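Step one of this worksheet: look at the structure below.
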Amino acid sequence: MADTINQAKLTISCIAQAITSTQQLRSTVTNVFNLLCEGVKPDEDHDGRGRDRKKFLQKFQEHLQAVNKDYNEVEKYCNSMIPTPELQVLGPLSHLSLDSNTDKKNTFRDAVQTYEWNQRMHEYAQIASSILLSHQLKRSQSSGGAILAKRRRALPPKFQNMSSQHVENTLQLLARQPADLTFKLIKTLGDTRILQVTVGRVFTVILMLRNLLMEKVLVKGLDEELYYENGTIDLFSESQFECMRRITDHAMTAVLQYSTTHATQPEIPLKYFLLWLQSYKNLFIDPCSICGKHLDGGLPPVWRDFRNPVACHDTCRP
Amino acid sequence: MGVAYVSPWKVPAGQNVQQNIEELHNSIEQLGAIKTGLFTVECESYHAVNVANSKTLHLIHSTEYPASRFACFEDGPSIVSDVMLPSFLSKLRSVWQPRKGGRIESKGHRYELGDFVLKTGIISMGPSTKGISLEVEYTPCVYPCDCWGIITELLKGFVGENMVTNMPTLILEKSKEIYTPDITMQQYVELFSNIRKSNLVR
């Protein structure tokens with residue numbers, strides 16, 4: 001601590017001296033330029049230009065020597081200053097220390113403290129991990145077959161690097177298959193596509209796809225506005241109807257369910273999802289298969305099971 | 001905007017309209033509906049001047065569609081226009097004149113139950129009360145043939161099992177097409193006409 005204070009004091013004195021010597025250097029350089037501009041006053045006896053030239057050159061040499069001397073002094077003070085090593089690690093953030101408005105915000109100080117804290121945390125984490133690894137703790141008596149099997153079960157394959165043409169062809173094929181769904185491609189931006197799918201005479205679904213991965217689903221009534229006033233598609237406003245909001249939640253659950261199943265081909269989750277959507281075509285006509293009624297709390301049967309999509313109320317589902 | 005069914009509410013003999021409508025409000029509130037305001041449906045009738053047995057033109061204004069005016073004949077043809085229609089008709093005084101005593105209105109409360117909108121109104125001609133109207137609208141669906149079961153099931157919930165379940169002719173004719181608000185207004189016109197006729201009989 002005392003060392004750093006002494007170091008800081010030395011550095012400050014060095015800087016002060018360097019500033020004064022820089023000022024001195026500046027004045028000698030100004031003298032040189034003044035001499036070059038104004039020249040030398042001619043002597044009273046006009047002996048010839050030779051003497052004036054000599055005098056001029058002499059003065060010029062003197063000034064340049066003074067500049068050289070002052071420059072060497074400045075260089076000496078600069079080299080004697082010790083750079084603070086820790087500031088370099090912060091990178092561009094270290095330039096904040098040059099900010100003159102230190103009274104207003106303590107951003108630089110906070111940044112240095114955060115960095116030191118972070119470094120300490122890394123050290124402790126490394127020490128802790130080395131200690132923990134050296135003492136393996138077995139909590140359960142079982143051979144851990146189930147756990148190992150869980151670990152061994154591979155994650156669903158991620159299909160990437162699909163060509164745009166392949167995606168277009170797949171979507172066209174899917175559009176042809178189910179009879180109760182009508183497709184409309186609203187927007188394409190690179191890999192992202194926004195589809196408008198109308199299910200029978202029941203609702204419209206806005207489906208956002210990245211290649212063939214489903215990202216977002218929004219279910220709205222047939223007479224609801226899908227676009228903003230400026231013509232862009234509205235992807236965020238919820239439906240004004242409660243049954244459509246419930247179906248949106250179920251649709252997002254279905255997207256997650258079908259996306260995490262093992263699929264040999266990339267279009268299978270989307271295909272299953274569209275088949276599940278198709279089961280809603282008689283939303284207002286079919287009563288609940290469990291209780292036999294149309295309404296439950298003012299809502300029609302909005303739940304469809306993911307394996308066996310049959311009309312069911314939210315409260316009736318097994 | 002969805003599918004709406006307008007029906008008269010039969011006041012049992014011996015009870016007055018005010019009492020009956022209070023009972024109706026209670027049964028609706030018991031279902032869980034929330035009161036969301038008031039509504040009015042006014043109907044003004046016009047007849048052609050110097051034409052014998054001319055058809056009556058009904059001009060309807062509903063607070064549910066404040067920027068629109070509906071004009072329809074009893075037997076079908078109707079138009080939807082903006083708020084300037086009454087002043088336009090007044091300029092055509094030489095052709096269409098308002099019928100005396102032809103103003104009838106239904107005024108009452110508006111309830112919301114999930115996606116349903118229920119309206120119970122007292123029908124009055126001038127100072128005298130003539131009956132009660134009940135309108136049930138199911139907003140998410142736009143095809144009447146699809147949601148008729150849902151509407152009747154709700155009505156049975158507070159009317160009882162004696163509820164008439166046949167679709168009215170007005171809706172039946174266009175049950176496979178997209179429902180529009182002027183069909184609701186035509187239902188009101190039919191209801192008001194029946195009340196006028198029953199009034200004349202008395």
Q | Single residue of A:Glu267, A:Glu242 found to be of a type in the set (D, E, K, R), assigned by TED's automatic domain parsing to the domain that holds A:Val219 and touching a helix residue (DSSP H, G or I) at 6+ places or on another chain (Cβ under 6 Å) | A | A:Glu267
(Q) Quick check on the range A:296-308: of everything there that is of a type outside the set (Gly, Ala, Ser) and touching a strand residue (DSSP E or B) at 6+ places or on another chain (Cβ under 9 Å), which residue is most open to solvent (accessible area, probe 1.4 Å)? (A) A:Asp305
Q: Only residues that are under 12 Å from A:Ser80 (Cβ atoms), modelled with pLDDT under 85 and either outside any helix (DSSP H, G or I) or open to solvent by less than 60 Å² (accessible area, probe 1.4 Å) (or both): list them for the range A:1-22, please.
A: A:Thr11
Q. Any residue at all in the range A:212-229 that is on the phi > 0 side of the Ramachandran plot and assigned by TED's automatic domain parsing to the domain that holds A:Ala263?
A. no
Q.
Can you confirm whether A:Val255 is among the aliphatic types (A, V, I, L, M) and either within 14 Å of another protein chain (Cβ to nearest Cβ) or open to solvent by 70 Å² or more (accessible area, probe 1.4 Å) (or both)?
A. no
Q | Close pairs (6 angstrom Cβ cut-off, 6 or more residues apart or separate chains): at negative phi and in a helix (DSSP H, G or I) in the range A:93-118, surrounded by 11 or more Cβ atoms within 10 Å (Cβ to Cβ) and at pLDDT 80 or above anywhere | A | A:Leu93/A:Ala111
Q: Scan the range B:1-47 for residues that are in contact with a Leu (Cβ under 8 Å, 6 or more places away or on another chain), farther than 17 Å from B:Thr184 by Cβ and of a type in the set (A, V, I, L, M) and jot them down.
A: B:Leu24, B:Ile28, B:Leu31, B:Ala33, B:Ile34
Q) What about A:Glu224, is it free of Cβ contacts under 8 Å to residues at least 12 places away in the same chain and either open to solvent by 60 Å² or more (accessible area, probe 1.4 Å) or acidic (Asp, Glu) (or both)? A) no
Q.
Looking only at residues that are surrounded by fewer than 10 Cβ atoms within 10 Å (Cβ to Cβ) and not basic (Lys, Arg) in the range A:98-116, which one is modelled with the lowest pLDDT?
A. A:Asp103
Q) When the residues of the range B:21-45 are filtered to those that are of a type in the set (Ser, Thr, Tyr) and either open to solvent by 20 Å² or more (accessible area, probe 1.4 Å) or within 19 Å of B:Lys10 (Cα to Cα) (or both), which remaining residue is nearest to the chain's Cα centre (by Cα)? A) B:Thr40
Q: Taking only the range B:114-136 into account, find how many residues are more than 11 Å from every other protein chain (Cβ to nearest Cβ) and either of a type in the set (Gly, Ala, Ser) or assigned to a loop (DSSP other than H, G, I, E, B) (or both).
A: 7
(Q) Restricting to the range A:187-211, name every residue that is under 24 Å from the mean Cα position of the chain (by Cα) and open to solvent by less than 10 Å² (accessible area, probe 1.4 Å). (A) A:Arg193, A:Leu209
Q. How many residues does the range A:259-285 hold that are open to solvent by less than 60 Å² (accessible area, probe 1.4 Å) and more than 14 Å from A:Ile247 (Cβ to Cβ)?
A. 9
Q: Kindly check whether there is at least one residue in the range B:156-165 that is more than 14 Å from chain A (Cβ to nearest Cβ), in contact with a Gly (Cβ under 6 Å, 6 or more places away or on another chain) and on the phi < 0 side of the Ramachandran plot.
A: no
Q: Would you mind finding the one in A:Cys288, A:Cys312 that is away from chain B (no Cβ under 14 Å), under 28 Å from B:Glu29 (Cα atoms), touching a Pro at 6+ places or on another chain (Cβ under 7 Å) and open to solvent by less than 20 Å² (accessible area, probe 1.4 Å)?
A: A:Cys312
Q. Any residue in the range B:137-150 that is over 26 Å from B:Phe73 (Cβ atoms), among the small types (Gly, Ala, Ser), surrounded by fewer than 19 Cβ atoms within 10 Å (Cβ to Cβ) and within 14 Å of chain A (Cβ to nearest Cβ)?
A. yes
Q: Scan the range A:223-246 for residues that are hydrophobic (A, V, I, L, M, F, W, C) and facing chain B (nearest Cβ under 10 Å) and report the count.
A: 3
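The values are calculated or read from the model by the stated rules, or taken from the named source; none is laboratory data. On a predicted model such as this, the values are computed, not experimentally measured, just so you know. Positions of Cβ are backbone-derived with ideal geometry, glycine not excepted, and every protein chain shown enters the neighbour counts. Note: accessible area is taken over every heavy atom of the protein model, side chains too, but ligands, DNA and RNA are not part of it. Shrake-Rupley method; radii C 1.70, N 1.55, O 1.52, S 1.80 Å.
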